[in-house]
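Heads up: the structure comes next, in structure tokens.
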Amino acid sequence: MMSRRDLLVAVAVLLLVLAGFNAAIARYGTGAVARQLLRRIDGARDVRYVATGNSLMAAGFDERAFEEAAGLPRGTALNAALGSSSPVEHLALFDRASHRLAPRAGLLYGFFDFQLSDPPIARTADFVDNRSASYYLDPDRALREYELSAHDRVEFELFRRVPMMVERGRVWAHVEVLRRELRDWGLPPRAVNRFGDLADMARLETATPLEFAEKCRRFAALGEPLSPPVSEMLRVAERSGATAVMVEMPMSSRHRERFYRLPEWPRYRGELERRLAADGAVVISAADWIDDARFSDNIHLDAAGAREFSEKLAARLGGAGLRPSASR
Amino acid sequence: MELRERSQRLFRYLDYLSGASDAPPPGCPRLLTRPAFWGVWWGALLITVYLFAGQSSKFIYIDF
């Protein structure tokens, strides 16, 4: 049996070990994708267009191709999109970028399916990948915008102060990569892209057309389909003098045939556009702009697809009188 | 050393490290009896649990 003194020594050493591990994790966390993006945003100046959204925009917006097609100087288009993130993180990213904008700039917000309507319901267990950025991007705003239970609010407040908890998803990703390597040992290589296994990306879509149609009906019936962080993003755009352009991201023909051909979809989209227009936002539908061959999986564009999409987007903005001149 | 003796010795160490036995096995290095060792050992166990606790998460993206 350990004496009380020995127990205290052991606990003190344990706390030292954990403190050291936390310091190492905090240092390791500086390389997280979201933190790299923050450094890019903070280093930007006179941004004419800031693109944000989730992985669809992160993979789909080619800054250079957009600038060339729009006749903009280099470094004036910024891709501030973050894979595996939600509108709450997008709001925080855009708010940060809004301090780097040139006068009368533009927000290009990429969305698909119900991204603009889904309520921001979350649990702390959800903040494990890039969404852990909510712990440090703007935690007070995240607590306001996310619908969290009282228990999850307390956890959020505690976790945001402990690097081991903030960066746990990044550490776990290494174990997950190892697990996948062991799983695939001796098997033919699986198709992957920068985000992971292609087969897994199907899980990001709604499971069935029936479920998709039901969601369309439910949101359209609400008559107020905008998610609160999206509404707040439009207010931030207005305050910073930026034009908000909501871009329905390119989708594969399979996705469009399966979901966007449903009669409920145009009704939902009509209601959504009406609400966005009331808030001063412009909607561009790019869902059918890109050929299937230029997708790296069922929803993400490959590099050639990103170039084509960005060039077409620049042309469309110019055609709609929304493109700022290079001399401004 | 016979296999049986080796395995008995291993189990004695495992009993000691897991807390099932308070007494260290015969011939145990003194380092393993010091309180500071227990602090490091518990830390190593907690960090191991932490590293593998993510298996209940549904990873789709590996981009972070």
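The numbers here are math on the coordinates, done by the rules we state, and not lab data. Just so you know, these numbers come straight off a predicted model, no measurement behind them. A quick note on method: Cβ atoms are made from the backbone with ideal geometry, for glycine too, and the neighbour counts reach across all protein chains shown.
Side notes on the structure shown:
- In this label model, A:A277 and A:Q36 are separated by 4.1 nm, measuring between points 7 Å along each Cα→Cβ vector.
- Cβ-derived FRET efficiency at R0 30 Å, A:L182 paired with A:R27, nearest 0.05: 0.60
- Net +/- balance of residues flanking A:M246 in space, Cβ distance below 15 Å, scoring K and R +1, D and E -1: -3
- Net dipole in debye of the protein assembly as shown [+1 Lys, Arg Cβ; -1 Asp, Glu Cβ; about Cα centre; nearest 20]: 920 debye
- Amide hydrogen proximity for A:V192: with H placed 1.01 Å from N in the peptide plane, the residues at 5 or more positions away or on another chain lying under 5 Å are A:L198.
- Furthest towards positive pole of dipole, A:H255, A:A213, A:A293, structure part segment A:209-298, Cβ charges: A:A213
- Convex hull (Cα only) mean projected area of segment A:2-114, reported in nm² to one decimal: 10.5 nm²
- Whole-number Å³ per residue for the convex hull built on Cα positions in chain B: 156 Å³
- Charge dipole of segment A:1-78 about the Cα centre (unit charges at C-beta), most positive-ward option of A:I41, A:V9, A:F66: A:V9
- Taking trypsin sites (Lys or Arg not before Pro) across segment A:203-283, the ones in a DSSP loop with at most 13 further Cβ atoms lying within 10 angstrom of their Cβ are A:R261.
- Helix B:35-52 and the longest principal axis of the C-alpha atoms of chain B enclose an angle of approximately 30°.
- In this Cβ point-charge picture (+1 for Lys and Arg, -1 for Asp and Glu), segment A:202-270 has a dipole of about 160 debye about its Cα centre.
- Qualifying chymotrypsin sites (Phe, Trp or Tyr not before Pro) in segment A:171-257, where qualification requires a DSSP coil assignment and no more than 14 other C-beta atoms within 10 Å, comprise A:W185.
- Taking the Cα centre of segment A:157-304 as origin and assigning +1 to Lys and Arg Cβ atoms and -1 to Asp and Glu Cβ atoms, the resulting dipole is close to 300 debye.
- In terms of other Cβ atoms within 10 Å, A:L313, B:L32 run from fewest to most in the order B:L32, A:L313.
- Estimated distance in nm for a label pair at A:H99 and B:A20, the labels positioned 7 Å out from Cα along Cα-to-Cβ: 5.8 nm
- Dividing the Cα radius of gyration of segment A:65-105 by 2.2 N^0.38 Å, with N the residue count, gives 1.32.
- In chain A, the longest principal axis of the Cα atoms and the axis of helix A:264-278 are about 90 degrees apart.
- Taking the longest Cα principal axis of chain A as reference, the axis of helix A:33-43 is set at about 60 degrees.
- Once the Cα gyration tensor of chain A is diagonalised, semi-axes √(5λ) in Å: 36, 24, 22
- Rh by Kirkwood over Cα pairs, then Stokes-Einstein D for segment A:129-191 at 0.692 mPa s and 37 °C, µm²/s: 240 µm²/s
- Taking segment A:123-145 and a reference point 7 angstrom along Cα→Cβ of A:R239, the backbone N atoms nearer than 18 Å belong to A:137-145.
- Distance between the pseudo-spin-label points of A:M1 and B:R34 (7 Å out from Cα toward the beta carbon): 2.6 nm.
- Legend: calculated FRET efficiency, A:L262 to A:A293, from the Cβ-Cβ distance at R0 = 30 Å, rounded to 0.05, equals 0.75.
- Restriction of the trypsin sites (Lys or Arg not before Pro) in segment A:81-190 to DSSP coil positions whose beta-carbon has at most 16 other beta-carbons within 10 angstrom yields A:R123, A:R161, A:R190.
- Segment A:60-202: C-alpha gyration tensor shape, a/c 1.5 cut-off, then a/b vs b/c: oblate
- Fraction of beta bridges assigned by DSSP in chain A that are antiparallel (%, nearest 5): 15 percent
- At R0 = 25 Å, FRET efficiency that the Cβ-Cβ distance of A:T208 and A:A125 yields, to 0.05: 0.50
- Taking only alpha carbon atoms, segment A:210-328 gives an Rg to Rh ratio of 1.00, where Rh is the Kirkwood radius.
- Three-way shape label, segment A:184-227, alpha-carbon gyration tensor, a/c 1.5: prolate
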